[in-house]
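The values are calculated or read from the model by the stated rules, or taken from the named source; none is laboratory data. Note that the structure is a prediction, hence the values are computed from the model and not measured. Cβ placement follows ideal geometry from the backbone for every residue including glycine, while neighbour counts extend to all protein chains displayed.
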Amino acid sequence: MHNTFTIPNKTYLELDQPDIYRRFMQGYLQLLRSNLKQCKVMDQKGDLKEIRYSCGQDHDPRNPNWKPFQYLEQHCRKCGYDDMLARDIIEEHIGRRLECECELVGG
């Protein structure tokens, strides 16, 4: 179990620094791309328009298979950060609330 007094402080202090935040997000986004389902979006001509990623689950709290921030929790544990605070910081940076982490990579 982590010390709730040191990790939040570490989370705020480190993720407030642009270089550390950028490295944290690069690692997190790579983790998402490696683990989420890749979906190809085609245009009307059948050409590839973009690639999105999805968790593959209905975003519904009643869905027992939906784990909306499982990879954030995993990445934060590796980095020694509080995942709930990291989520707040990410949402502040992107300017909106997230329902699921797959929304960060086009879910």
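General observations
- Residues of region 37-50 satisfying the condition of being touching a residue at least 12 places away in the same chain (Cβ under 8 Å) and among the hydrophobic types (A, V, I, L, M, F, W, C): Cys39
- Top-ranked residue of region 69-105 - restricted to ones that are in contact (Cβ under 8 Å) with a residue 60 or more places away in the chain and closer than 16 Å to Gln57 by Cβ, ranked as farthest from the chain's Cα centre (by Cα): Val105
- Criterion (part of a helix (DSSP H, G or I), modelled with pLDDT of 95 or more and of a type in the set (Asp, Glu)) met by exactly one of Glu91, Glu99: Glu91
- The residues listed here are Tyr53, Tyr28; of these, the one that is touching a residue at least 12 places away in the same chain (Cβ under 8 Å), assigned to a helix (DSSP H, G or I) and hydroxyl-bearing (Ser, Thr, Tyr) is Tyr28.
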